[in-house]
1. For a protection proxy built on the mean count of beta-carbon atoms within 10 angstrom, sort 149-162, 256-269, 312-325, 179-192 highest first, please.
2. Percent relative contact order of segment 17-125, based on C-alpha pairs within less than 8 angstrom and at least six residues apart?
3. Using a basic spin-label model with each label point 7 Å from the Cα along Cα→Cβ, how many nm lie between GLU292 and VAL304?
4. For GLU14 and THR85, what is the calculated FRET efficiency with R₀ set at 25 Å and r taken between the beta-carbons, to the nearest 0.05?
5. For THR85, list long-range residues whose amide hydrogen, built 1.01 Å from N in the peptide plane, is under 5 Å from its own amide hydrogen.
6. Label the chain by shape, choosing from rounded, prolate and oblate, from the square roots a ≥ b ≥ c of the eigenvalues of the Cα gyration tensor; if a/c is under 1.5 it is rounded, and otherwise prolate applies when a/b is larger than b/c, oblate when it is not.
7. Among DSSP beta bridges lying fully in the chain, give the percent that are antiparallel, nearest 5.
8. Where the centroid of each part is defined by its Cα atoms, how far is segment 25-89 from segment 251-287 in Å?
Amino acid sequence: MIRLDDRLVCLRFETMKAVSALAAVRHLLDTGAVRRGDTLLDSSSGIYAYALALACHRYGMRCHIVGSTTVDRTLHTQLAVLGATLEQMEPCSDLKLDQKRRVERVHEILAEHPGYHWMRQYHDDVHYLGYRAIADRIREAVGGAAGLTLVGGVGSGASTGALARYLRGAGDPAHPPADVQLVGVQPYGSLTFGAEHVPDPEIIIAGIGSSIPFGNVAHELYDTLHWISFDAALAGSVDLLRRHAVFAGLSTGAGYLAARHERERAPERTVVFIAADTGHRYVDTVYARHREAAALADLAPREVRDQRQLALPWSRMHWNRAPAPAGRRRGAGRGCGGCVGGAARGGRAGSMTKRGNR
């Protein structure tokens with residue numbers, strides 16, 4: 001955890017989804033859903049592929065990934081060294097089509113290999129489990145604050161949704177209900193919260209948005225939403241490195257932008273934002289364009305009352321823990337057995353608190 005100022009904290013990961021993948025695989029082994037030597041299968045745009053490969057490497061499993069067209073050479077090499085099988089989609093300028101094709105390919109593989117276990121990172125609540133230890137770490141670091149605001153990319157819902165539930169208590173008698181506001185970050189073009197009608201001319205930020213319904217996004221957990229364009233997220237990423245020496249991915253730039261705004265609106269609250277990965281795979285697409293980055297002082301969100309008012313480069317809306325929009329109802333998780341309210345297995349998160357450069 002990197003403290004950028006007295007009330008702004010960066011929760012930094014090298015590979016965030018390793019937390020969820022390790023706990024999920026361990027849970028599946030413990031419950032007998034899979035055995036060592038089995039093949040675990042899923043689709044990924046990058047971070048989860050590496051996380052699942054690491055988990056399979058640790059627990060003696062085989063790993064099969066249907067990868068996005070955005071998987072770069074570095075990740076391709078890492079997966080190969082870890083022994084994972086990668087099927088990468090053909091180049092495609094439309095990431096919505098890329099996501100759809102990946103899911104179709106997963107179903108084809110399952111038909112060919114019914115013994116494979118589909119991890120269903122977008123639909124199974126088992127991926128919430130690993131974040132309990134992270135929530136405990138946050139609680140220790142910022143305990144006693146008047147209120148906590150958690151900011152992060154929505155994506156499959158596992159990271160922000162799980163952390164909010166655990167931090168709010170989630171029926172755990174050891175931790176009474178806490179004042180935790182959850183702020184979700186979405187790219188334009190994502191249908192999860194109804195922004196599919198507003199395209200971003202640059203790119204939909206893979207990993208924090210979706211062109212298909214995700215079954216484990218609990219819409220009713222979110223208080224506020226920010227939709228942030230590629231250009232605005234780029235400015236956030238560059239400023240975070242320049243101002244605080246934190247080198248992180250594009251979704252982190254978007255989260256940092258939203259977190260600064262929430263911090264200014266409620267100076268009495270502590271704001272924690274998630275940095276899901278490092279900035280290495282964004283060197284050419286983001287950091288090499290640092291001279292194009294807008295000054296953050298020139299950026300502010302457009303406050304909207306509903307999705308019809310959304311507009312680039314940045315919009316903000318109160319969600320007020322409302323249920324999912326029509327057609328995006330949350331599906332039942334599989335293989336977790338009500339895991340979010342139960343005890344997650346595993347050790348504590350071992351990160352070190354320090355103050356970021358200013």
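Nothing in this text is a laboratory measurement; each read-out follows from the coordinates by a stated rule. Treat the numbers as computed from the prediction; the structure is a model and nothing was measured. No Cβ is skipped: glycine too gets one built from the backbone with ideal geometry, and neighbour counts run over all protein chains shown.
1. Going from most to least packed, we get 149-162, 179-192, 256-269, 312-325.
2. So the answer I get is 28 percent.
3. Label-label distance for GLU292 and VAL304, simple model: 2.3 nm.
4. Values: r = 23 Å, r/R0 = 0.92.
E(calc), rounded to 0.05, equals 0.60.
5. Amide H neighbours of THR85: CYS63, HIS64, ILE65.
6. Because its axes are fairly even, with a/c under 1.5, the chain counts as rounded.
7. On the way: 10 of 45 bridges.
If we restrict to bridges inside the chain, about 20 percent are antiparallel.
8. That distance is 27 Å.
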